[in-house]
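Chemist: One structure, as structure tokens, below. Some questions next.
The values are calculated or read from the model by the stated rules, or taken from the named source; none is laboratory data. Since the structure is predicted, the reported quantities are computational estimates derived from the model, not experimental observations. We place every Cβ from the backbone using ideal geometry, glycine too, and count neighbours over all the protein chains shown.
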Amino acid sequence: MNSNIRIREEIIKDLKHLIHTEGYIYALCMILVEDFYGDPNKIQEVNPFNKISRNEACVLLGFLIQNEINFSLPSSPFIIQDLKKKTYELMQELQSSFMIPYQKDLKKLINSENVQETQNKPFSHATHLMEPIFYGSHGVYDFQYLDFLPKKYKYDTDWLEKNRQFYLEKSKKIVTQIKGVLEEKIENSGFYSLKDLHPGIDELIQKYAPADCPTNELQMTKKMAELHQYSSLFVLPEPIADGLSDSEKRNASWKAFYNRLIDLFVVKRTDFDQELDIDSFFKNFSFSPQKDFNMGFKDIVNYNMITSLPILKLDEERYFIPISSLLHEAIYESPYYWMFETDPAYRDQLAENKGRVGEEIAYEFLSKVFGEKNTFKNIQIKSLKAEQSTRKVKDVTDIDILCVLGSKALCVQVKSKKLTISARSGEDSKLKKDFEGAIQHAYEQGIISRKKILSRDSIFFTPNGNEIKLSEAIDDAYIMCITLENYPALTSQVSSLLSKAESDPYPLVLSIFDLELVTHYLSDPYDFMYYIRQRITLMDYFRAENEIGYLSYHLQRKLWSLPRQNLVFIGKDFATAIDRNYYPLKAGLKVSDEGDIMKTLWKDESFDKFCEHIKTLDQPKITDIIFYLLDLSGVGRNGLMMLIKDRKSLTSIDGKDHNATIPPPRDKESPNIGFTWMSFASGDIKKLETIVGNFCLARKYKSKADIWIGFGSLRNSKNIIDLICLIEKPWEYDADSEKVTKLLLSKPGQIRSPKKIGRNEKCPCNLTNLKYKKCCGKNM
């Protein structure tokens, strides 16, 4: 344990002093350029660990605006670089300070004799969640705020226009135009980032420098290389430069550099059309920095006015916008507070509107995946009571959105609760209260709904009173909780704070922004539901700081447990693959396909066609079968497809039956499941049902498998498969089964063809005393 870590208060004191040093505004501008602007073609190559985060930048800006901004020029440009260096050092030290409560509690746990205390989520206190809340990736793309803006406030339009002159569509255009103006300035400046293009610049300079080169010269070379990124900002127009001496040119160039550096973040009133009502927009989102402004911001956990007023008014014409994405978030978040804080009489209506739009947005995404006929909104659940032969009901709960896919259901609860400022400050009771309102209550409601679906003791109604007939085949119901707001460190809070019975499943908790991403990449209902299952099943196995990390990992490697790994941490670098693919697509940027791995991953045309055909079959367990197929690795999928093509080809050539089996994998981490493929020489589908069913039972028993899937095809059929069966039953020893298995598998690779079995005859497998239709013929 490092006992030399300084406490946060000391670091912040030094940080404030640094920020108000003469010339710091120029150092800050360089930090913002280098850490928040880059080539979209190179997003996947960016190292997030050598840049400050948006929340860290907000801290710097929050302290900066507590006084008038000092635009005095520094006596030397190297002063700016020293201020930059010191900023990164203090921000790194600030992050390290979050280790102090961990160290204290870890020491306490080590010395504790209370076993229960050491096992029950020892780091679930709010002080331990402050770090992931503050340092976790933001998890929302700026354009998502604009896309959701008119949907979020669609029922509040009149209030916003009347009371704040805030117009949804006009505001979207203004923010988009501001971002475009600033990005164009950066692009025209010719700036290139050493951090991204040459992250090892120090080592490079050291490598090619003469062996006897003094240390101070090496440092100077590094500083000059850093300034060279901005070389175009130093260039003077020829008419001005021609009449100046060398010394005057030098001074004029430095002055031009400083002015142009500031101008990279400036927009003017004249940049906008008059019809956009730019005055009212600036009034809502800008301020003039002055002494004692934002003084409530004393620590990183306090409310910071820069987050709701992200535009700094320099004069009547110019406006300074340090981080454009802050403006995107402000126009999405601030209108709620305008209504809530200034109009108490509107609060009930506001809450109703917010809950309504949350369900509408979630339904829009989910119905595109599952189809409107399989997606239901505002479902009422009523328990049945049989009294005196009459059908009576008792209200239990409701489901915001219910999605059904074969044997699986998805219960979705939508909440609009935010993480409050007091909860972010490390106050345990506040954090848990917010979590309860946003997640815990929704989860508990989902648990009730799940049990009602699986117990089959309730009836389900749409808002207009129509009863929904759920399939008797539904054997599992997943729980999803969705927040309308961006909820920081959502995945960390679920792992640490969720209260659940050991036998109950986890929920998958997403923000509405996460849901948009997941439905974009997993638009097929089977792929989507499979992802839900894997996330929930492996909740304690994988760790990522946000849903983009989980999704990107799944798209690249699949969420499968790994041999000899008890816990897997998903690094930030996985998420950059989605950044590279999704951001340019949605933002309308023209980028090359080079480096975009998402466009080529997991593409297997034969396997995809095979699964698509299975989805068309009318069997209740198709969802389970698809899930088992999706559990196959790339090698497993290729092997299955090769067997299918090979056996069908042989039957077509020699007119004989052919079969092949893929036994369960030997490693304990993989599902204990086997596959059999049978190519039948005749066109008798009933006979094929009998043979495939019996053969799969025998192979399942011999392999000691818990699950077996059989596929069959007829010789002259154009279909990939004509028959499919699923046998799900934990393996156990049985003497009769031993005999039957030896009989049926007496010759390797072949099976005896028994006589045709009637549906009501005793099943020939002898594994049960049931009729054939209740045993091997049950799933055929």
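Chemist: Identify, by number, the condition in (1) touching a residue at least 40 places away in the same chain (Cβ under 8 Å); (2) in contact with a helix residue (DSSP H, G or I) (Cβ under 7 Å, 6 or more places away or on another chain); (3) under 30 Å from residue 149 (Cβ atoms) that residue 518 doesn't meet.
Modeler: Condition (1) is where residue 518 drops out.
Chemist: Just to check your reading of the model, which residue among 337, 319, 332 is crowded, with 16+ Cβ neighbours inside 10 Å and part of a helix (DSSP H, G or I)? Show your work before the answer.
Modeler: Values: 337 fails: crowded, with 16+ Cβ neighbours inside 10 Å; 319 fails: part of a helix (DSSP H, G or I).
Only one candidate qualifies: 332.
Chemist: Also: Pick from region 566-599 the residues that are over 17 Å from the mean Cα position of the chain (by Cα) and at pLDDT 85 or above: which of them is nearest to residue 540 (Cα to Cα)?
Modeler: Going through the qualifying residues, I end up with 567.
Chemist: So, one more: Answer with yes or no whether residue 649 is more than 23 Å from residue 524 (Cα to Cα), without any contact (Cβ under 8 Å) to a residue 40 or more places away in the chain and buried (at least 21 other Cβ atoms within 10 Å of the Cβ). Spell out how you get there, then give the answer.
Modeler: Working: more than 23 Å from residue 524 (Cα to Cα): yes; without any contact (Cβ under 8 Å) to a residue 40 or more places away in the chain: yes; buried (at least 21 other Cβ atoms within 10 Å of the Cβ): no.
Spelling it out, it is not the case that residue 649 is more than 23 Å from residue 524 (Cα to Cα), without any contact (Cβ under 8 Å) to a residue 40 or more places away in the chain and buried (at least 21 other Cβ atoms within 10 Å of the Cβ).
Chemist: Give the residue that is nearest to residue 674 (Cα to Cα), with candidates limited to residues of region 624-633 that are out of contact with any helix residue (DSSP H, G or I) (no Cβ under 7 Å at 6 or more places or on another chain) and in a helix (DSSP H, G or I).
Modeler: Restricting to residues being out of contact with any helix residue (DSSP H, G or I) (no Cβ under 7 Å at 6 or more places or on another chain) and in a helix (DSSP H, G or I), the top hit is 628.
Chemist: Taking residue 181 as meeting all but one of (1) among the β-branched types (Val, Ile, Thr); (2) within 30 Å of residue 576 (Cβ to Cβ); (3) out of contact with any strand residue (DSSP E or B) (no Cβ under 7 Å at 6 or more places or on another chain); (4) at pLDDT 80 or above, write down the number of the exception.
Modeler: It is condition (3) that residue 181 fails.
Chemist: Moving on. In this structure, is residue 713 at pLDDT 85 or above, more than 30 Å from residue 560 (Cα to Cα) and in a loop (DSSP other than H, G, I, E, B)? Working first, answer last.
Modeler: Numbers: at pLDDT 85 or above: yes; more than 30 Å from residue 560 (Cα to Cα): yes; in a loop (DSSP other than H, G, I, E, B): no.
So residue 713 fails the test.
Chemist: From the list 730, 764, which residue is crowded, with 17+ Cβ neighbours inside 10 Å and either modelled with pLDDT of 90 or more or assigned to a loop (DSSP other than H, G, I, E, B) (or both)? Show your work before the answer.
Modeler: Working: 730 fails: crowded, with 17+ Cβ neighbours inside 10 Å.
Sole residue among the options that is crowded, with 17+ Cβ neighbours inside 10 Å and either modelled with pLDDT of 90 or more or assigned to a loop (DSSP other than H, G, I, E, B) (or both): 764.
Chemist: Which numbered condition trips up residue 132, out of (1) buried (at least 17 other Cβ atoms within 10 Å of the Cβ); (2) modelled with pLDDT of 75 or more; (3) farther than 30 Å from residue 362 by Cβ; (4) not basic (Lys, Arg)?
Modeler: (3)
Chemist: Quick one: residue 636 ticks every box in (1) outside any helix (DSSP H, G or I); (2) farther than 16 Å from residue 720 by Cβ; (3) small (Gly, Ala, Ser) bar one, so which box is it?
Modeler: (1)
Residue-by-condition table, conditions (1) in contact (Cβ under 8 Å) with a residue 40 or more places away in the chain; (2) surrounded by fewer than 19 Cβ atoms within 10 Å (Cβ to Cβ); (3) in contact with a helix residue (DSSP H, G or I) (Cβ under 7 Å, 6 or more places away or on another chain); (4) not polar (S, T, N, Q):
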{"site": "522", "(1), (2), (3), (4)": "yes, no, yes, yes"}
{"site": "528", "(1), (2), (3), (4)": "yes, no, yes, yes"}
{"site": "545", "(1), (2), (3), (4)": "yes, no, yes, yes"}
{"site": "548", "(1), (2), (3), (4)": "yes, no, yes, yes"}
{"site": "551", "(1), (2), (3), (4)": "no, no, yes, yes"}
{"site": "556", "(1), (2), (3), (4)": "yes, yes, yes, no"}
{"site": "562", "(1), (2), (3), (4)": "yes, yes, no, yes"}
{"site": "569", "(1), (2), (3), (4)": "no, yes, no, yes"}
{"site": "574", "(1), (2), (3), (4)": "no, no, yes, yes"}
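Chemist: While we're on this one: Select, from 471, 523, the only residue that is under 17 Å from residue 375 (Cβ atoms), at pLDDT below 90 and not in a helix (DSSP H, G or I). Show your work before the answer.
Modeler: On the way: 523 fails: at pLDDT below 90.
Just one listed residue meets the conditions, 471.
Chemist: Further, regarding this structure: With surrounded by 15 or more Cβ atoms within 10 Å (Cβ to Cβ), closer than 25 Å to residue 145 by Cα and among the hydroxyl-bearing types (Ser, Thr, Tyr) as the only criterion, which of 541, 583 stands out?
Modeler: Values: 541 fails: closer than 25 Å to residue 145 by Cα.
On inspection, the qualifying residue turns out to be 583.
Chemist: Regarding region 563-586, can at least one residue be identified that is in contact with a strand residue (DSSP E or B) (Cβ under 9 Å, 6 or more places away or on another chain) and over 22 Å from residue 50 (Cα atoms)? Give the steps one after another, and end with the answer.
Modeler: Of all residues in region 563-586, those in contact with a strand residue (DSSP E or B) (Cβ under 9 Å, 6 or more places away or on another chain) come to 567-570.
Subset that is over 22 Å from residue 50 (Cα atoms): 567-568.
Yes, some residue in region 563-586 is in contact with a strand residue (DSSP E or B) (Cβ under 9 Å, 6 or more places away or on another chain) and over 22 Å from residue 50 (Cα atoms).
Chemist: Can you give me the number of residues within region 488-506 that are in contact with a strand residue (DSSP E or B) (Cβ under 8 Å, 6 or more places away or on another chain) and in a helix (DSSP H, G or I)?
Modeler: 4
Chemist: Name, by its number, the condition in (1) modelled with pLDDT of 90 or more; (2) part of a helix (DSSP H, G or I); (3) surrounded by 17 or more Cβ atoms within 10 Å (Cβ to Cβ) that does not hold for residue 66.
Modeler: Of the numbered conditions (1) modelled with pLDDT of 90 or more; (2) part of a helix (DSSP H, G or I); (3) surrounded by 17 or more Cβ atoms within 10 Å (Cβ to Cβ), the odd one out for residue 66 is (2).
Chemist: Shifting gears a bit: Determine if region 288-296 includes at least one residue that is surrounded by fewer than 16 Cβ atoms within 10 Å (Cβ to Cβ), modelled with pLDDT under 95 and touching a strand residue (DSSP E or B) at 6+ places or on another chain (Cβ under 6 Å).
Modeler: yes
Chemist: Give the residue that is surrounded by the most Cβ atoms within 10 Å (Cβ to Cβ), with candidates limited to residues of region 606-626 that are over 17 Å from residue 407 (Cα atoms) and over 27 Å from the mean Cα position of the chain (by Cα).
Modeler: Step by step, filter region 606-626, then rank; the result is 610.
Chemist: Let me ask another. Check region 43-51 and report whether any residue there is assigned to a helix (DSSP H, G or I), of a type in the set (S, T, N, Q) and farther than 26 Å from residue 255 by Cβ.
Modeler: Taking region 43-51 first, the residues assigned to a helix (DSSP H, G or I) are 43-45, 48-50.
Filter once more, so that each one left must be of a type in the set (S, T, N, Q): 44, 50.
From what is left, the residues that are farther than 26 Å from residue 255 by Cβ are 44, 50.
Within region 43-51, one or more residues are assigned to a helix (DSSP H, G or I), of a type in the set (S, T, N, Q) and farther than 26 Å from residue 255 by Cβ.
Chemist: Another one. Report yes if some residue within region 290-309 is closer than 26 Å to residue 129 by Cα and among the acidic types (Asp, Glu); otherwise report no.
Modeler: yes
Chemist: So which of 482, 532 ends up being modelled with pLDDT of 90 or more, touching a Lys or Arg at 6+ places or on another chain (Cβ under 9 Å) and in a strand (DSSP E or B)? I'd like the intermediate steps shown before the answer.
Modeler: Values: 532 fails: in a strand (DSSP E or B).
Testing whether each residue is modelled with pLDDT of 90 or more, touching a Lys or Arg at 6+ places or on another chain (Cβ under 9 Å) and in a strand (DSSP E or B) leaves just 482.
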